[in-house]
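Read through the structure below, which is laid out as structure tokens, and then see the notes.
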Amino acid sequence: MARENIYQSLEVFYEKVDECPLRDRLFNFFELVYVISGTGNHTVNGNTFPYLVGDLFLITPNDSHGFNLESTCEFMVVRFGESYIREYQWKSIDHIECLLYYASHLSGSVLVNNDDKQMTALLMQNLQQATEHQTMYTEDLISHLVNAIIVIAARNIAIIKPQSISPNADIRILQILDYIQEHIRQPEFLKVAVIAEKFGLSATYLGSYFRKQCNESIQEYISSYRIRLIEHRLRFSDKRVHEIADEFGFADESHINKFFKRHKELTLKAYRIGLSN
């Protein structure tokens, strides 16, 4: 799979397209995509769902995504690296990077607050105008507009995210969460002893550290993360149960159904049938 790179800390552009120029690409940066016009489907990490005007998608590093356009569409695209987040002095939101990374757990638009949807529409309109008319201080203006959009995205993600992740989680926990995200389909890499060795910690300390940062055990977090991804597969893809079992490293359908039923009190098939009712 090809990888897209970013060569500046911040890139902003408008595009009007009849088809997605990039498909099945892995990015090494954050990307905000705002839908100005048009409809279609958006696929992130194998999950597909429809998009509408006013939706704002946040794709995180190592996500794979693409758009299937039903007609000509207009987008505002904002790309920024980890360095951009770390260099800016966020005053009102602690550990905004942690919130942004959490978007990899989500599907669909990150905007859930109606007032924020209206504010984002105005900001995106101003951002488009700023990129089209380059004058003195344009770069500063673009940065301020982008920062406002990032704050709006982050506070909407904070509404969506489970309470288990502490708002005061430190930077090291991001690395552990990112490792879990990367290896969630490889159970052999998710054993506590393996993770502890990876980060130079004892298994005992990792357990207490993770619980302090995330208010749940590392095993509980991994299980809930896998459940969310499996739910996304059932909701947004046509994959069969045995294919989902294979993807997430389960021995067979019986094994994944037992795991899923323990958390959701339903088999995967029953859960998917319930979605259509």
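The residues 276, 9, when put in order of fewest to most other Cβ atoms within 10 Å, stand as 276, 9.
The ranking of 238, 170 by Cβ neighbour count inside 10 Å, starting from the fewest, reads 238, 170.
Converting phi to 3J(HN,Hα) with the Karplus coefficients 6.51, -1.76 and 1.60 and the offset θ = phi - 60°, the stretch 250-264 yields 7, 5, 6, 4, 4, 5, 5, 5, 5, 4, 5, 5, 4, 9, 10 Hz in sequence order, with x at every glycine or proline. The charge dipole of the stretch 171-276, taken about its Cα centre with unit charges on the Cβ of Lys, Arg, Asp and Glu (plus for the first two, minus for the last two), comes to roughly 300 debye.
Sorted ascending by nearby beta carbons within 10 Å, beginning with the fewest, 218, 273 become 273, 218. Here the extension length gained between residue 258 and residue 82 equals 59.5 nm, from 0.36 nm per residue of separation less the Cα-Cα distance.
No lab work stands behind these numbers, since they all come straight from the coordinates. Here the structure is a predicted model, which means the values were calculated and not measured. In this analysis, Cβ positions are derived from the backbone assuming ideal geometry, glycine residues included, and neighbour counts consider all displayed protein chains.
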